[in-house]
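Please read the structure below before turning to the comments.
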Amino acid sequence: MQAMVYAAPGQIKLQDCPRPVIKDPGDAIVRVTHTTICGTDLHILKGDVPTATPGRILGHEGVGVIDSVGAAVTSFKPGDHVLISCVSACGTCGFCRKQMYSHCTTGGWILGNSIDGTQAEYVRTPHAEMSLYHIPEGANEEALVMLSDILPTGFECGVLNGKVQPGGSVAIVGSGPIGLAALLTAQFYSPGSIIMIDLDDSRLEIARRFGATETVNSSNGKAVEAVMALTDGAGVDTVIEAVGIPATFELCERLVAAGGVIANVGVHGKPASLHLEALWDRNIAITTRLVDTATIPMLFKTVAANKIDPTLLITHRFKLAEGEAAYNTFANAAETKALKVIIST
(Lines give C-alpha, C1' and ligand atoms only; values in the text may rest on other atoms or scores of the structure.)
Protein backbone atom coordinates (compact mmCIF):
# COMPACT_ATOMS: atom_id res chain seq x y z
CA MET A 1 0.00 0.00 0.00
CA GLN A 2 0.99 3.66 -0.25
CA ALA A 3 1.53 5.72 2.88
CA MET A 4 2.98 9.02 4.08
CA VAL A 5 6.15 8.20 6.02
CA TYR A 6 8.20 10.37 8.36
CA ALA A 7 11.55 9.73 6.69
CA ALA A 8 13.79 12.05 8.73
CA PRO A 9 13.47 15.39 10.54
CA GLY A 10 11.91 17.78 8.06
CA GLN A 11 11.20 15.03 5.49
CA ILE A 12 7.86 13.42 4.68
CA LYS A 13 7.69 10.94 1.79
CA LEU A 14 5.03 8.94 -0.03
CA GLN A 15 6.28 5.35 0.05
CA ASP A 16 5.19 1.80 -0.60
CA CYS A 17 4.69 -0.02 2.71
CA PRO A 18 3.38 -3.43 3.79
CA ARG A 19 -0.36 -3.57 4.45
CA PRO A 20 -1.12 -3.90 8.17
CA VAL A 21 -2.42 -7.17 9.60
CA ILE A 22 -4.37 -8.13 12.72
CA LYS A 23 -1.98 -8.50 15.67
CA ASP A 24 -4.32 -8.62 18.64
CA PRO A 25 -7.91 -9.91 19.03
CA GLY A 26 -9.20 -6.34 19.59
CA ASP A 27 -7.72 -4.95 16.37
CA ALA A 28 -9.52 -3.83 13.24
CA ILE A 29 -8.01 -3.12 9.85
CA VAL A 30 -9.65 -0.09 8.26
CA ARG A 31 -9.43 0.84 4.59
CA VAL A 32 -8.94 4.59 4.89
CA THR A 33 -11.08 6.70 2.57
CA HIS A 34 -10.33 10.20 3.91
CA THR A 35 -7.65 11.48 6.26
CA THR A 36 -6.02 14.81 7.04
CA ILE A 37 -2.86 16.44 8.39
CA CYS A 38 -2.65 17.82 11.92
CA GLY A 39 -0.40 20.47 13.37
CA THR A 40 0.96 17.70 15.57
CA ASP A 41 2.27 15.98 12.43
CA LEU A 42 4.29 19.11 11.74
CA HIS A 43 5.60 19.01 15.30
CA ILE A 44 6.75 15.42 14.65
CA LEU A 45 8.59 16.57 11.53
CA LYS A 46 10.30 19.28 13.59
CA GLY A 47 11.47 16.68 16.11
CA ASP A 48 9.21 17.87 18.95
CA VAL A 49 7.71 14.38 19.53
CA PRO A 50 10.53 11.91 20.30
CA THR A 51 8.17 8.91 20.51
CA ALA A 52 7.54 9.26 16.75
CA THR A 53 10.68 7.96 15.07
CA PRO A 54 11.75 8.02 11.42
CA GLY A 55 10.03 5.31 9.40
CA ARG A 56 6.66 5.91 11.04
CA ILE A 57 3.51 6.26 8.93
CA LEU A 58 1.97 9.50 10.17
CA GLY A 59 -1.64 10.47 10.75
CA HIS A 60 -4.16 9.94 13.54
CA GLU A 61 -7.41 11.15 11.95
CA GLY A 62 -9.68 9.67 9.36
CA VAL A 63 -12.71 7.76 8.23
CA GLY A 64 -12.89 4.52 6.32
CA VAL A 65 -14.43 1.10 5.83
CA ILE A 66 -13.75 -1.96 7.98
CA ASP A 67 -11.64 -4.46 6.06
CA SER A 68 -11.21 -7.11 8.77
CA VAL A 69 -11.57 -7.48 12.54
CA GLY A 70 -9.96 -9.50 15.30
CA ALA A 71 -11.74 -12.29 17.14
CA ALA A 72 -12.68 -10.05 20.10
CA VAL A 73 -14.38 -7.38 17.97
CA THR A 74 -18.15 -7.78 17.99
CA SER A 75 -19.50 -4.26 17.34
CA PHE A 76 -17.97 -3.87 13.88
CA LYS A 77 -17.83 -6.04 10.79
CA PRO A 78 -16.24 -5.79 7.34
CA GLY A 79 -18.00 -3.19 5.24
CA ASP A 80 -18.97 -0.90 8.11
CA HIS A 81 -18.17 2.77 7.61
CA VAL A 82 -16.34 4.13 10.65
CA LEU A 83 -14.77 7.21 12.19
CA ILE A 84 -11.29 6.59 13.61
CA SER A 85 -10.60 8.33 16.90
CA CYS A 86 -7.16 9.88 17.22
CA VAL A 87 -6.95 8.20 20.65
CA SER A 88 -7.04 4.43 21.16
CA ALA A 89 -8.67 3.31 24.40
CA CYS A 90 -8.91 -0.11 26.01
CA GLY A 91 -11.87 0.99 28.13
CA THR A 92 -10.84 -0.99 31.20
CA CYS A 93 -7.61 0.46 32.65
CA GLY A 94 -7.70 2.95 35.49
CA PHE A 95 -7.30 5.95 33.21
CA CYS A 96 -10.01 4.79 30.79
CA ARG A 97 -12.42 4.30 33.71
CA LYS A 98 -11.91 8.02 34.43
CA GLN A 99 -12.46 8.83 30.71
CA MET A 100 -8.81 9.87 30.45
CA TYR A 101 -8.48 7.84 27.27
CA SER A 102 -5.41 9.79 26.18
CA HIS A 103 -3.54 8.12 29.05
CA CYS A 104 -4.79 4.58 28.39
CA THR A 105 -2.03 2.24 29.56
CA THR A 106 -2.10 0.26 26.31
CA GLY A 107 -3.38 2.96 23.99
CA GLY A 108 -3.69 6.73 24.08
CA TRP A 109 -2.30 8.76 21.21
CA ILE A 110 -0.42 5.96 19.51
CA LEU A 111 -1.65 6.20 15.89
CA GLY A 112 0.97 7.99 13.81
CA ASN A 113 3.12 8.26 16.92
CA SER A 114 4.31 4.96 18.38
CA ILE A 115 2.48 2.81 15.80
CA ASP A 116 1.68 3.42 12.13
CA GLY A 117 -1.11 5.86 11.43
CA THR A 118 -3.92 6.82 9.10
CA GLN A 119 -2.18 8.63 6.23
CA ALA A 120 -2.21 5.39 4.29
CA GLU A 121 -4.52 3.18 2.32
CA TYR A 122 -5.01 0.89 5.34
CA VAL A 123 -4.48 1.29 9.09
CA ARG A 124 -4.52 -1.11 12.03
CA THR A 125 -6.63 0.33 14.85
CA PRO A 126 -6.07 -1.27 18.26
CA HIS A 127 -8.93 -1.45 20.79
CA ALA A 128 -11.42 -1.14 17.95
CA GLU A 129 -14.49 -1.50 20.18
CA MET A 130 -13.66 1.74 22.03
CA SER A 131 -11.74 3.57 19.32
CA LEU A 132 -14.02 3.41 16.28
CA TYR A 133 -17.48 4.93 15.76
CA HIS A 134 -20.18 3.89 13.31
CA ILE A 135 -20.91 6.52 10.67
CA PRO A 136 -24.63 7.03 9.99
CA GLU A 137 -25.74 6.32 6.44
CA GLY A 138 -25.71 9.43 4.30
CA ALA A 139 -23.38 11.40 6.57
CA ASN A 140 -20.77 13.69 5.03
CA GLU A 141 -17.65 11.63 5.70
CA GLU A 142 -15.25 14.46 4.84
CA ALA A 143 -16.89 16.55 7.55
CA LEU A 144 -16.61 13.74 10.07
CA VAL A 145 -12.82 13.61 9.65
CA MET A 146 -12.87 16.80 11.74
CA LEU A 147 -14.37 14.76 14.62
CA SER A 148 -11.34 12.46 14.82
CA ASP A 149 -9.25 15.10 16.58
CA ILE A 150 -9.61 18.78 15.80
CA LEU A 151 -13.14 19.43 17.09
CA PRO A 152 -12.84 17.34 20.28
CA THR A 153 -9.41 18.88 20.89
CA GLY A 154 -10.66 22.45 20.63
CA PHE A 155 -13.73 21.57 22.70
CA GLU A 156 -12.19 19.42 25.44
CA CYS A 157 -8.79 21.05 25.87
CA GLY A 158 -9.94 24.60 25.20
CA VAL A 159 -13.63 25.13 25.91
CA LEU A 160 -14.27 22.57 28.66
CA ASN A 161 -10.91 22.97 30.40
CA GLY A 162 -11.24 26.72 30.01
CA LYS A 163 -14.63 26.68 31.76
CA VAL A 164 -16.31 28.85 29.15
CA GLN A 165 -19.54 30.20 30.63
CA PRO A 166 -22.66 32.01 29.36
CA GLY A 167 -21.92 35.71 29.22
CA GLY A 168 -18.22 35.24 29.92
CA SER A 169 -15.31 36.61 27.93
CA VAL A 170 -12.98 34.40 25.89
CA ALA A 171 -9.73 35.09 24.05
CA ILE A 172 -8.31 32.47 21.69
CA VAL A 173 -4.66 32.95 20.82
CA GLY A 174 -4.13 31.40 17.40
CA SER A 175 -6.71 31.44 14.62
CA GLY A 176 -5.50 28.25 12.98
CA PRO A 177 -7.57 25.08 12.71
CA ILE A 178 -7.48 24.27 16.45
CA GLY A 179 -8.26 27.84 17.46
CA LEU A 180 -11.16 27.93 15.02
CA ALA A 181 -12.43 24.59 16.35
CA ALA A 182 -12.39 26.12 19.83
CA LEU A 183 -14.23 29.14 18.47
CA LEU A 184 -16.97 27.00 16.90
CA THR A 185 -17.51 24.89 20.00
CA ALA A 186 -17.21 27.75 22.52
CA GLN A 187 -20.44 29.08 21.07
CA PHE A 188 -22.31 26.11 22.59
CA TYR A 189 -22.04 28.06 25.88
CA SER A 190 -23.06 31.52 24.64
CA PRO A 191 -20.10 33.54 25.94
CA GLY A 192 -20.59 37.29 25.83
CA SER A 193 -17.47 37.87 23.74
CA ILE A 194 -14.92 35.80 21.84
CA ILE A 195 -11.74 37.63 20.86
CA MET A 196 -9.53 35.91 18.27
CA ILE A 197 -5.84 36.84 18.18
CA ASP A 198 -3.50 36.02 15.30
CA LEU A 199 -0.81 37.46 13.05
CA ASP A 200 -2.75 36.75 9.84
CA ASP A 201 -5.56 39.05 8.79
CA SER A 202 -7.04 36.45 6.43
CA ARG A 203 -7.42 33.97 9.29
CA LEU A 204 -8.93 36.67 11.47
CA GLU A 205 -11.46 37.37 8.72
CA ILE A 206 -12.38 33.67 8.74
CA ALA A 207 -12.73 33.86 12.52
CA ARG A 208 -15.21 36.72 12.16
CA ARG A 209 -17.25 34.60 9.73
CA PHE A 210 -17.14 31.73 12.23
CA GLY A 211 -18.57 33.86 15.04
CA ALA A 212 -15.75 35.83 16.69
CA THR A 213 -17.08 39.06 18.19
CA GLU A 214 -13.70 40.81 18.01
CA THR A 215 -10.35 40.16 16.31
CA VAL A 216 -6.88 41.40 17.16
CA ASN A 217 -3.85 41.28 14.88
CA SER A 218 -0.90 40.80 17.24
CA SER A 219 1.84 41.56 14.71
CA ASN A 220 2.38 45.03 16.17
CA GLY A 221 3.11 43.64 19.64
CA LYS A 222 0.12 45.44 21.16
CA ALA A 223 -2.33 42.57 21.59
CA VAL A 224 -2.44 43.03 25.36
CA GLU A 225 -3.34 46.68 25.04
CA ALA A 226 -6.04 45.87 22.49
CA VAL A 227 -7.64 43.18 24.65
CA MET A 228 -7.51 45.35 27.75
CA ALA A 229 -9.23 48.14 25.82
CA LEU A 230 -11.99 45.68 24.88
CA THR A 231 -12.43 44.49 28.47
CA ASP A 232 -12.19 47.78 30.39
CA GLY A 233 -8.78 46.76 31.63
CA ALA A 234 -9.96 43.55 33.30
CA GLY A 235 -8.68 40.89 30.89
CA VAL A 236 -10.69 37.85 29.86
CA ASP A 237 -12.27 35.02 31.86
CA THR A 238 -10.93 32.28 29.58
CA VAL A 239 -7.75 32.39 27.51
CA ILE A 240 -7.18 29.48 25.13
CA GLU A 241 -3.62 28.93 23.88
CA ALA A 242 -3.88 27.28 20.46
CA VAL A 243 -0.39 27.70 18.99
CA GLY A 244 2.24 25.98 21.13
CA ILE A 245 5.17 28.40 21.31
CA PRO A 246 6.56 30.27 24.34
CA ALA A 247 5.50 33.71 23.10
CA THR A 248 1.83 32.78 22.78
CA PHE A 249 1.65 31.06 26.16
CA GLU A 250 3.27 34.06 27.82
CA LEU A 251 0.80 36.32 26.00
CA CYS A 252 -2.02 34.31 27.58
CA GLU A 253 -0.56 35.01 31.02
CA ARG A 254 -0.94 38.73 30.37
CA LEU A 255 -4.51 38.46 29.04
CA VAL A 256 -6.20 36.45 31.78
CA ALA A 257 -8.49 38.25 34.22
CA ALA A 258 -8.41 37.75 37.96
CA GLY A 259 -10.19 34.48 38.69
CA GLY A 260 -9.81 33.35 35.09
CA VAL A 261 -8.47 30.24 33.38
CA ILE A 262 -5.64 29.71 30.91
CA ALA A 263 -6.41 26.57 28.91
CA ASN A 264 -3.36 25.35 27.02
CA VAL A 265 -4.09 23.40 23.83
CA GLY A 266 -0.88 23.92 21.84
CA VAL A 267 1.86 21.29 21.59
CA HIS A 268 4.95 22.85 23.13
CA GLY A 269 8.41 21.78 22.03
CA LYS A 270 10.28 24.41 24.06
CA PRO A 271 10.00 25.76 27.64
CA ALA A 272 7.78 28.75 28.31
CA SER A 273 8.22 31.10 31.25
CA LEU A 274 5.58 31.09 33.97
CA HIS A 275 5.47 34.59 35.45
CA LEU A 276 4.35 33.80 38.94
CA GLU A 277 5.67 37.17 40.09
CA ALA A 278 2.68 38.64 38.23
CA LEU A 279 0.17 35.81 38.71
CA TRP A 280 0.62 34.52 42.26
CA ASP A 281 -2.24 36.63 43.64
CA ARG A 282 -4.59 36.52 40.63
CA ASN A 283 -6.72 33.47 41.58
CA ILE A 284 -6.18 31.94 38.14
CA ALA A 285 -6.02 28.33 37.00
CA ILE A 286 -3.80 26.90 34.26
CA THR A 287 -4.92 23.69 32.57
CA THR A 288 -3.21 21.29 30.20
CA ARG A 289 -4.69 18.31 28.39
CA LEU A 290 -4.21 15.85 25.60
CA VAL A 291 -7.56 15.27 23.92
CA ASP A 292 -9.42 12.24 25.26
CA THR A 293 -12.08 12.21 22.50
CA ALA A 294 -14.70 11.42 25.13
CA THR A 295 -16.95 14.04 23.50
CA ILE A 296 -17.02 12.48 20.02
CA PRO A 297 -20.54 10.99 20.52
CA MET A 298 -21.89 14.37 21.60
CA LEU A 299 -20.16 16.16 18.73
CA PHE A 300 -21.64 13.61 16.31
CA LYS A 301 -25.08 14.77 17.46
CA THR A 302 -24.26 18.46 17.09
CA VAL A 303 -23.08 17.88 13.52
CA ALA A 304 -26.17 15.80 12.71
CA ALA A 305 -28.35 18.59 14.14
CA ASN A 306 -26.52 21.20 12.02
CA LYS A 307 -25.38 23.07 15.13
CA ILE A 308 -21.84 23.17 13.72
CA ASP A 309 -20.57 22.61 10.20
CA PRO A 310 -17.09 21.01 10.19
CA THR A 311 -16.74 21.45 6.44
CA LEU A 312 -16.09 25.15 7.11
CA LEU A 313 -12.62 24.10 8.22
CA ILE A 314 -11.74 22.31 4.95
CA THR A 315 -9.90 24.46 2.42
CA HIS A 316 -7.93 22.02 0.23
CA ARG A 317 -8.39 18.50 -1.11
CA PHE A 318 -5.75 16.05 -2.36
CA LYS A 319 -5.37 12.43 -3.36
CA LEU A 320 -2.99 10.27 -1.33
CA ALA A 321 -0.65 10.25 -4.31
CA GLU A 322 -0.39 14.02 -3.80
CA GLY A 323 0.43 13.64 -0.11
CA GLU A 324 3.75 15.47 -0.29
CA ALA A 325 2.03 18.44 -1.93
CA ALA A 326 -0.65 18.31 0.76
CA TYR A 327 2.02 18.59 3.45
CA ASN A 328 3.67 21.48 1.64
CA THR A 329 0.33 23.27 1.37
CA PHE A 330 -0.54 22.71 5.04
CA ALA A 331 2.92 23.65 6.31
CA ASN A 332 2.87 26.93 4.38
CA ALA A 333 -0.57 28.04 5.43
CA ALA A 334 0.34 31.73 5.52
CA GLU A 335 0.87 31.63 1.76
CA THR A 336 -1.66 28.95 0.79
CA LYS A 337 -4.46 30.06 3.15
CA ALA A 338 -4.86 26.43 4.22
CA LEU A 339 -6.86 25.40 7.26
CA LYS A 340 -7.58 21.68 7.05
CA VAL A 341 -6.69 19.57 4.02
CA ILE A 342 -8.53 16.41 3.10
CA ILE A 343 -6.50 13.54 1.65
CA SER A 344 -8.56 10.88 -0.10
CA THR A 345 -7.28 7.44 -1.07
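Extension gain for E277-D80 works out to 65.4 nm (0.36 nm per residue, less the C-alpha to C-alpha distance).
Contact order for the range 188-312, expressed relative to its length and based on alpha carbon pairs under 8 Å spaced 6+ residues apart, stands at 16 percent.
Between D309 and Q99, the distance separating the two model label sites (each 7 Å from Cα on the Cα→Cβ line) works out to 2.9 nm.
What fraction of the DSSP beta bridges in the chain is antiparallel, stated in percent and rounded to the nearest 5? Show your work: numbers first, answer last.
Values: 31 of 58 bridges.
Looking only at bridges with both residues in the chain, the antiparallel portion is about 55 percent.
Taking every protein chain into account, the accessible area of the chain amounts to 41 square angstrom per residue (probe 1.4 Å). Derived scalar couplings between HN and Hα for the range 85-94 equal 6, 6, 10, 9, 9, 6, x, 10, 6, x Hz in order, rounded to whole Hz, by the Karplus curve 6.51 cos²θ - 1.76 cosθ + 1.60 (θ = phi - 60°), x for Gly and Pro. Starting from the Cα of E137, step 7 Å toward the Cβ, then list every residue of the range 52-66 with an amide N under 20 Å from that point. 64-66, by backbone N distance to the label point.
How do V82, V243 rank by accessible surface area computed with a 1.4 Å probe, from largest to smallest?
On the way: V82 0, V243 60 Å².
My answer, sorted largest first, is V243, V82.
The dipole here belongs to the range 1-139: it is taken about the Cα centre, uses +1 on the Cβ of Lys and Arg and -1 on the Cβ of Asp and Glu, and is about 260 debye. Note on the chain: helix-only mean residue ellipticity at 222 nm, from DSSP H runs of 4+ residues weighted -39500 (n - 2.57) and normalised by residue number, equals -6000 deg cm²/dmol.
The values are calculated or read from the model by the stated rules, or taken from the named source; none is laboratory data. Values in this document were obtained by computation on a predicted structure and should not be read as measured data. Reconstructed Cβ throughout: ideal geometry from the backbone, glycine too, with neighbour counts over all protein chains shown. For the accessible areas, the whole protein counts, side chains as well, though only heavy atoms, and no ligand, DNA or RNA atoms are used. Shrake-Rupley method; radii C 1.70, N 1.55, O 1.52, S 1.80 Å.
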